[in-house]
Amino acid sequence: MKNIKQDLITVGFISLGCPKNIVDSEKMLAIIGQAGFALSGDVENADIVVINTCGFIEPAKREAGKEILRALRWKKTGKVKKVVVAGCLAQRMGKAMPQEFKGLDAVVGLEDRDRIGKILRGLFKGQTGQSFLSTPAVPQHIQNDSGRLLITPRHSPYLRISDGCNRQCSFCTIPAIRGKFRSKPMHQILAEAEELVDNGAVEISLIAQDSSSYGKDTGTEGGLAALLNELVKIDGLRWIRPMYLYPSAIDDALIETIAANPKIVKYIDMPVQHINDRILTAMRRTHSRDETVKLIEKLRESINGLVLRTTIIAGFPGETDSEFAELLEFIEWGQFDALGCFAFWPEQGTAAARFADQLPAEVKNRRVEQLMLAQQRIVFEKNRSLVGRRLQVLVDKVEKSGPAVGRYYGQAPDIDGVCLIENYNGRAGEFIDVEVAGSKDYDLYVKV
C-alpha cells in the first residue's frame with residue numbers, strides 16, 4: 001500500500017447517469033477540490049475513488065454495480081485506499097449497499113451531497129468507517145448548485161430548476177429516491193445562470209424531473225413561463241432549452257412563451273410513455289390519449305419550426321398486441337423528431353412491479369425493436385428533407401482530425417444526433433451558419 005500524505009490525497013471521480021446526476025457530480029467535484037483534495041484523472045491509482053451512481057432502472061444499476069466492483073478490486077490490490085459510493089443508487093439501496101458491496105468506506109446519500117468533503121476527510125481521521133455507512137435520509141431540500149466544476153462543455157451546461165417529483169407513476173422510482181417535488185427559488189436559478197454565462201455559457205439546458213411544474217409547490221406566479229421570461233433577459237445567453245416537460249402541466253402560457261421568444265429554442269422534450277388509455281391509467285399518468293393528441297396538434301400549430309421529442313415504454317404489464325399496435329400507430333402519426341424507447345423494467349418498490357401479466361423479456365425487447373425501427377425510418381426521412389436547408393449551429397467540439405461536431409437547435413446535448421462540420425477551423429462555443437449537405441443515420445453533414 002502506498003504511503004498517503006494527508007495534504008496530497010488524490011481523488012478519482014466516476015460520474016454515471018442523467019444530467020441531474022451530472023450536476024451533482026460537478027458540485028461534488030468542486031467541494032472535493034475546495035476541501036484540499038487533489039482531483040486525479042488516473043482513477044485506478046487514486047487514493048480515493050468516488051462513484052456517483054444512477055439507480056433509476058435496472059440497466060443503470062448494473063452499470064453502477066460493475067464500476068463499484070471494479071473499484072473494490074483496485075482497493076484489494078492496494079491501488080486505492082478508500083471507495084465511496086454516492087448518488088441515486090446509494091440513496092435507493094441505503095444500508096443494503098455496504099452489505100451487497102463488501103469493503104465500501106462510505107455511502108453518501110443525496111441529502112449529504114454537500115458534506116462529501118467532510119466525509120472524505122473523516123475517512124482519514126481515524127473515525128470508524130461504519131459511521132459513513134448509515135441509511136441515507138430522504139432528500140428534503142433543494143440544494144444550491146452554484147460553484148460547480150463543470151464536466152460538460154462550459155458553453156453548454158445544465159441548470160437544475162427543481163428536484164424530486166410528486167407524481168406517482170406506477171413504474172417510476174424517482175419519488176422514492178429523490179423525494180418530493182421541490183422548486184429552486186427563482187433568484188437562486190437566475191444567479192446560477194448568470195454565473196454560468198460569466199463562465200462562458202451560451203446555451204443552458206434547464207433540467208428537473210418535472211420541469212413544467214416549476215413553481216407550483218411554492219406558489220410562484222407564472223411558473224416555468226415566468227422563469228423563462230426572466231432568463232431571456234440575461235445578456236450573452238443565446239439558447240435556453242427547457243427539458244422534461246410533463247404533458248398535463250404544459251399550459252397555454254408556457255406554449256406562448258416558448259413560441260414568442262427567440263432565445264428559447266423551439267424544442268419540446270415531452271415524455272408521453274404510452275398512448276393507450278388503459279395503459280396510461282395503469283401507469284398512473286394524468287393525461288389521456290385524446291389530450292395528448294390535441295396537445296401535440298396545438299404545439300405544432302403554435303410554435304413555428306417545432307422539434308418534438310418524446311419517450312415511451314414498451315411491454316408494460318398486460319400490454320396486449322392491439323394496445324402495442326395502437327402505440328406503434330401513434331408513433332407513425334406523431335412523426336416525432338426524436339424518441340427514446342425503453343423496455344419496461346419491474347423496478348423493486350414500484351406498484352407496476354407487482355402487477356400481474358408481466359411480459360417476457362423477448363416480447364418487450366421485440367416491441368422496442370419494432371418501435372425504434374419505425375422511428376428510425378421517420379428520423380432518417382426527416383434528416384434527408386433537411387438537405388439544402390440553412391441552419392445555425394453551436395459548435396461543441398473541434399477535432400484535430402475529422403469534422404468538428406455541433407448541434408442546431410433541434411438537437412439536445414448528448415441525447416440526439418449531431419451536426420458534423422467539414423473544414424471548420426474555429427473554436428468550440430461559437431455559433432456558425434451552415435448548409436445541410438447530407439445525412440447519415442441520425443447525424444447531419446453540414447458545411448459552413
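The values are calculated or read from the model by the stated rules, or taken from the named source; none is laboratory data. A quick note: this is a predicted structure, and the numbers were derived from the prediction, not measured. Because the Cβ atoms are built from the backbone with ideal geometry, glycine has one as well, and the counts that use them run over all protein chains shown.
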Q. Which members of region 224-242 meet the condition of being free of Cβ contacts under 8 Å to residues at least 40 places away in the same chain, touching a strand residue (DSSP E or B) at 6+ places or on another chain (Cβ under 9 Å) and farther than 17 Å from residue 269 by Cα?
A. 232
(Q) Checking residue 336 against (1) at positive phi; (2) in contact (Cβ under 8 Å) with a residue 24 or more places away in the chain, only one condition comes out false. Which one? (A) (1)
Q. Taking helices (runs of 4 or more DSSP H) that do not extend beyond region 245-343, which have at least 2 residues that are within 24 Å of residue 170 (Cα to Cα) and small (Gly, Ala, Ser)?
A. 321-334
(Q) Which numbered condition in (1) in contact (Cβ under 8 Å) with a residue 12 or more places away in the chain; (2) within 17 Å of the chain's Cα centre (by Cα) is the only one that residue 167 fails? (A) (2)
(Q) Being assigned to a helix (DSSP H, G or I), outside the structural domain of residue 427 (by TED's automatic domain parsing) and either surrounded by 21 or more Cβ atoms within 10 Å (Cβ to Cβ) or of a type in the set (Phe, Trp, Tyr) (or both): is that true of residue 206 here? (A) no
**Q.** Close pairs from region 368-393: first more than 17 Å from residue 308 (Cα to Cα), partner in a helix (DSSP H, G or I), Cβ under 9 Å, at least 6 apart
**A.** 370/324; 370/328
Q: For region 77-123, enumerate the residues that are at positive phi, free of Cβ contacts under 8 Å to residues at least 60 places away in the same chain and under 28 Å from the mean Cα position of the chain (by Cα).
A: 94
(Q) Quick check on region 156-173. Is at least one of its residues within 16 Å of residue 47 (Cα to Cα) and crowded, with 17+ Cβ neighbours inside 10 Å? (A) no
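Could you tell me which of the residues 439, 385 is surrounded by fewer than 19 Cβ atoms within 10 Å (Cβ to Cβ) and among the hydroxyl-bearing types (Ser, Thr, Tyr)?
Just one listed residue meets the conditions, 385.
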Q.
List the residue pairs whose Cβ atoms are under 6 Å apart, where the first residue sits in region 295-310 and is outside the structural domain of residue 409 (by TED's automatic domain parsing), the second is acidic (Asp, Glu), and the two are 6 or more positions apart or on different chains.
A. 307/337; 308/337; 309/269
